[in-house]
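Please treat every number below as a calculation from the coordinates, not as lab data. The structure displayed is predicted, hence computed values, not measured ones. Using ideal geometry, Cβ is built from the backbone for each residue, glycine included, and neighbour counts are taken over all protein chains shown.
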Amino acid sequence: MSNADTSPHRSLTGWVVPLTATVIGLGYLVAGIVGGDLGFGVFGLALMIVVAGVFLLASRHSETVAGLRDRRDERINQLDATASQVAGAAVLVAVLVMFVVEVARGRSGSPYYQLGALGGVSYVAALVYLRFRR
Amino acid sequence: MKPLRAGRGLSQASLGSALGVSRQTINSIETGRYVPSLPLALRLARFFETTVEEVFDVEC
């Protein structure tokens with residue numbers, strides 16, 4: 001019988017999401033400073049730090065969030081992958097709708113056509129990569 | 001799987017902890033909402049010192 005420890009605190013993996021949120025917040029701060037809107041930067045950083053804190057706190061009370069932290073539960077990893085697919089599909093639909101709306105307004109469709117193209121190219125690249133990996 | 005777990009006096013949480021998965025995952029497997037991967041199925045079978053066929057009621 002193995003006795004695996006499911007504590008997210010044992011691994012650096014458990015800090016990927018909070019650290020990523022903090023780095024995004026620092027990106028907001030830099031953008032705010034460069035763009036001359038310090039308020040936006042400070043608010044953005046504070047918001048992302050709060051998001052990271054809520055995630056860390058929630059992982060102590062929710063098995064699902066804890067699973068998202070330590071990445072060891074295959075079912076939760078699968079839920080995360082499916083939820084990411086749904087989120088990606090929602091963004092893609094929004095981009096395509098906005099592209100059509102922009103073209104119908106007599107505009108070029110920018111930046112939506114670039115975003116749509118990026119999504120399409122990313123999909124094909126991932127498909128080709130995964131085709132040879134699995 | 002539930003009879004095997006209950007027969008050993010294990011809770012879903014303790015079985016999940018022993019296998020490195022959550023209590024929810026054990027519950028989902030027992031209720032048929034989640035089909036585990038082959039590695040997890042093998043780990044479960046080894047944990048109960050039996051075969052995969054004995055752990056799961058497979059309908060082919």
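Points to keep in mind about this one:
- Degrees separating the helix A:16-34 axis from the principal Cα axis of chain A, which is the longest one: 40 degrees
- Relative compactness, chain A, computed as alpha-carbon Rg over 2.2 N^0.38 Å: 1.37
- Rg over Rh [alpha-carbon atoms, Kirkwood Rh] for chain B: 0.91
- The angle between the Cα long axis of helix A:112-133 and the longest principal axis of the Cα atoms of chain A comes to about 40 degrees, rounded to the nearest 10.
- Averaged over peptide B:20-27, the number of partner chain Cβ atoms lying within 10 Å of each residue's Cβ comes to 6.
- Sorting A:MET98, A:MET48 from the fewest to the most surrounding beta carbons within 10 angstrom yields A:MET98, A:MET48.
- Pairwise FRET efficiency - A:PHE40 versus A:VAL93, Cβ, R0 = 30 Å, nearest 0.05: 0.60
- Computed [θ] at 222 nm, helices only, for the protein assembly as shown once each DSSP H run of length n ≥ 4 contributes -39500 (n - 2.57): -22500 deg cm²/dmol
- Charge sum, other residues only, whose C-beta stays under 9 Å from B:LEU15's C-beta, Lys/Arg counted +1 and Asp/Glu -1: +3
- Using a simple spin-label model with pseudo-atoms 7 Å out from Cα toward Cβ, A:VAL16 and B:ALA13 lie 2.7 nm apart.
- Under 13 Å, Cβ to Cβ, from A:GLU74 - net charge with Lys/Arg +1 and Asp/Glu -1: +1
- Near A:ALA126, once Lys and Arg are set to +1 and Asp and Glu to -1 for all other residues with Cβ below 14 Å from its Cβ, the sum equals +3.
- Between A:ILE24 and A:VAL50, the distance separating the two model label sites (each 7 Å from Cα on the Cα→Cβ line) works out to 1.5 nm.
- Calculated FRET efficiency, A:TYR123 to B:VAL35, Cβ-Cβ distance, R0 = 25 Å: about 0.40 to the nearest 0.05.
- Rough spin-label spacing in nm, given labels placed 7 Å along Cα→Cβ, for A:GLN114 and A:LEU57: 3.8 nm
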